[in-house]
Structures are given as structure tokens and as C-alpha cells.
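K.L.:
Mind having a look at this structure? Questions to follow.
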Amino acid sequence: MMAKISQIGAIDNLGHTHKVKLQQGLNIITGRSSTGKSALIEIFDYCFGCSEFNIPEGVITKNCQIYFVLMDIGETKLLLGRENKSKSAFIKEFRGDKFHGRDVNLDDFDRSNFLSLDNFKSELNGYFGIDLTDVDLDITSAYYRKSRKPSPSVRSFMSYLLQHQNLIANKHAVFYRFDEKEKREQAIEHFKIFLGFIDQEYYIISKDIDSLKIELRKLEVSAPRIDALRKRNKERLVGLFEEYEALTGYPFEGATPEKAFNNPQRWLEEIQSTHVKIDSSSEKNTQLISKYEKERKDYLVTIREDEKVYRDLCTSITSTSSYNNAINNNGIPIQITEHVTRCPVCTSESDVLEEESNALGDAIDWLNSELLKTPFVHKSFIEKREKTIRSIKEKRDVLKT
């Protein structure tokens, strides 16, 4: 689909049309400063649904009642128009040579074709083939935002169409029309859509992939729990087969815990229809009881060991608490004071006291370093005690079962 601008202009308060006609190919507009060249870009932008009125205040805005853009889209003439600082916009399609040899005039703007700005943009999107309604790449971000990402519209590619004279000197000027970071990033995001690289199918597939990734993460999280449950059920099934053999004196013919676990429905029916035989002379029951008693004794031994560790930790906690309280109440030695000793006969100085003093200073330094560790040791004892309490509880729970 080829589109080109045929006319950009304005109709003044007297109904006279002022326009600039453009031809196929490159069009160059020249003139002195302040003659309205830059206003043409703003008129075009305004007629394409800009929510802000950026046409420079002056002669044009004081004397104009409606701005318009006439476009050729294939074989169709599309007329767009806006009144001064209006929240609505005009859009109408003309066929054939409606404007051949004449200018756009006020009679072309019937009131029924003025739409609200949102409806106008939606209508205009259709002429440019912009029909994407959902551009979210995943299903979770929209949920947390409480809304979908903004869909592409004619407003999204205005920054590509309307470039100013500094574009060559500044590569970042492609998005100069968007002061807001969010709108600028939105225009960049929509660029691949306007180039035709992706369509709605791309976003549908992307969300399907995201949905599958979510399901995969759920399976990865649940897999360890399911494996643990399977393991517990297998162990329980093994125990039940052992109990059956202990009570009857015979193993279950043809069935094993593994077979029953892999095909429970079949073996449940098989078990229910099996005639149970009893061997009163079998020692399987005694053997099973002996096995359980041994396991119980082993658990009791480990529980008693944990209980001893628990008591020792309680004693250590009490001792460190008392030690810490004594330090807080009495303080700790910080320094010593030396006095030189002289012989009363020869008045010579003695080195013995200095050596003892140095040894005492070293002892004070060591004691202070050890005292500083007391709170940390106390805390580690408490943590070990809590861990031991949990271990004892878990083992007692096993004994109950």
C-alpha cells in the first residue's frame, strides 16, 4: 500500500483555503524565517491525532478555523481535519477525482464525520493496516500491570515520519518528539511492527511459549514433592507386603511391591480376589517383630544421644549467660600500672617486676579477646539447641508410626 501527502493546509475564518501541494517524490519547501514552514509539520501531526496543540501561536492560529491534510492512499483520497484546540477530529474517504482541479473547502467537512479522538485514531489505524490489539509478550506482566501494553497506532510512528533538521547530526533525534521515556520506549517497541517484521501471530505464539514456561516451572517445583510422595508410598507398600507375609506365613504369589506400585488397579483387583492361606508354623511374624524392635531400639539410642547433647547445650547456655552477666557487672581489666622498684642499698633498678608486668599485660589481652567471643558462643549454643530439639521431635514422630 502506497500513501503520499497531496495537500497540507488550513481554512481561515473567511472560508478561504491556504494550502501547500506536494508531488510524488522529494518535495523541498523553502522560505524566510517565521513564514510557516515548521508549522506544516505541526499541522500534519495535529491532523494525525496529536492530543496536544503544538501549532505555533500567531497569525495562523488567530485566523484559522480548521486545519487539514489530504492524502492519497492507493486509489482513495483520505481527508483529515481538526479545528483549533479540539478534542475531536475529522476523517472521510473520497473515491475518484473528487479534488481534481479544486481545493479542499469547508463544504467537505460535514459534522457527521467528526469523531472523538480515540475513535478517530482507531479509524485511521485501519487505513494503515495497523490491526494489532495485543502486544504483550507474556501473560504475567499484563496481570501484574492490571492492563495490557498500549497497542500500536498511527501515533506510534509519528516520530519516524516527522523529523527535524538536526536528524543527520544527532542519531537520537529519531525519537525527539517523545519527551516521556515511556512513550519513547513504546515507539521503539512498535518499530518492528511498522517494518512488517512481526504481526499479531508473533505475540500469540510468544504468550503460548510463556504459558508453557510457567507450566514447566510448576512441574519443576512439584517434581521433588511428587518424587518424595512416590518414595513414601513405595516404602509403605513394601511394609504392607512384609506384614502380609508375616501374618499369613506366605508371600503374595505373583505380586511384588514394584508391580503393585506400577499398576495399582490391576493388582488391587487381584489381591481382593485372592484366597488367603495361613501357615501357623511360620516364623515370619516373629522375624518381622524382631526387625521392628531392632529399628525401634536404634532410634531410641539416637534419641538418647540427642537428649544428652540437648542437656549439655542447656548447661553451656546457662554457663555463658552467667559468665556474661559477671563480666557486665564486674567489668574486665583494661590496663595495668607499672612502678619501678629500686634496691634500697645500691639503688639499682629491678627487671623482675617489668617482666611480670609484661606477662600480665599479655594475659589481659588474651582474656579480653576471649571475653569478646562470649556473646557469639552463647548464640551458637542456642542455635544448636533448637536444631537438636527438632531432631528429637522428628525421631519421636517416626517411633509413633
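K.L.:
Can you report the number of residues in region 35-56 which are more than 30 Å from M2 (Cα to Cα) and either touching a residue at least 12 places away in the same chain (Cβ under 8 Å) or within 46 Å of the chain's Cα centre (by Cα) (or both)?
P.N.:
So the count comes out to 1.
K.L.:
State whether one or more residues within region 318-332 are farther than 30 Å from R396 by Cα, in a loop (DSSP other than H, G, I, E, B) and either modelled with pLDDT of 80 or more or open to solvent by less than 90 Å² (accessible area, probe 1.4 Å) (or both).
P.N.:
Yes: region 318-332 contains one or more residues that are farther than 30 Å from R396 by Cα, in a loop (DSSP other than H, G, I, E, B) and either modelled with pLDDT of 80 or more or open to solvent by less than 90 Å² (accessible area, probe 1.4 Å) (or both).
K.L.:
Then there is this: Quick one: would you say E283 is modelled with pLDDT under 85 and loosely packed, with under 13 Cβ neighbours inside 10 Å?
P.N.:
Judged against the criteria, E283 is a match.
K.L.:
Those residues that are over 27 Å from V398 (Cα atoms) and hydroxyl-bearing (S, T, Y), I need them from region 232-289; list them, please.
P.N.:
Y250, S273, T274, S280, S281, S282
Yes or no, residue by residue, for (1) among the aromatic types (F, W, Y); (2) under 22 Å from S156 (Cα atoms):
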site	(1), (2)
K19	no, no
G25	no, no
N54	no, yes
I60	no, no
C64	no, no
F68	yes, yes
L80	no, yes
E93	no, no
G96	no, no
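K.L.:
Looking only at region 73-107, which residues are farther than 18 Å from M2 by Cβ, without any contact (Cβ under 8 Å) to a residue 40 or more places away in the chain and touching a Leu at 6+ places or on another chain (Cβ under 8 Å)?
P.N.:
K87, S88, F90, I91, K92
K.L.:
Within region 115-138, identify whether any single residue is at pLDDT below 75, open to solvent by less than 60 Å² (accessible area, probe 1.4 Å) and farther than 20 Å from E185 by Cα, and answer yes or no.
P.N.:
No, region 115-138 has no match at all.
K.L.:
Condition (residue is small (G, A, S), surrounded by 15 or more Cβ atoms within 10 Å (Cβ to Cβ) and assigned to a helix (DSSP H, G or I)) applied to region 258-266: is it met by at least one residue?
P.N.:
Yes, some residue in region 258-266 is small (G, A, S), surrounded by 15 or more Cβ atoms within 10 Å (Cβ to Cβ) and assigned to a helix (DSSP H, G or I).
K.L.:
State whether one or more residues within region 24-44 are polar (S, T, N, Q) and touching an Asp or Glu at 6+ places or on another chain (Cβ under 7 Å).
P.N.:
For region 24-44, residues polar (S, T, N, Q) and touching an Asp or Glu at 6+ places or on another chain (Cβ under 7 Å): absent.
K.L.:
Inside region 1-23, can you point out the residues that are modelled with pLDDT of 85 or more and more than 15 Å from V69 (Cβ to Cβ)?
P.N.:
D12, N13, L14, G15, H16, Q23
K.L.:
Kindly list the number of the only condition in (1) modelled with pLDDT of 70 or more; (2) closer than 30 Å to E245 by Cα; (3) surrounded by fewer than 12 Cβ atoms within 10 Å (Cβ to Cβ) that fails for T401.
P.N.:
Failed condition: (1).
The values are calculated or read from the model by the stated rules, or taken from the named source; none is laboratory data. Everything numeric in this text was worked out from a predicted model, so none of it was measured. In this analysis, Cβ positions are derived from the backbone assuming ideal geometry, glycine residues included, and neighbour counts consider all displayed protein chains. For the accessible areas, the whole protein counts, side chains as well, though only heavy atoms, and no ligand, DNA or RNA atoms are used. Shrake-Rupley method; radii C 1.70, N 1.55, O 1.52, S 1.80 Å.
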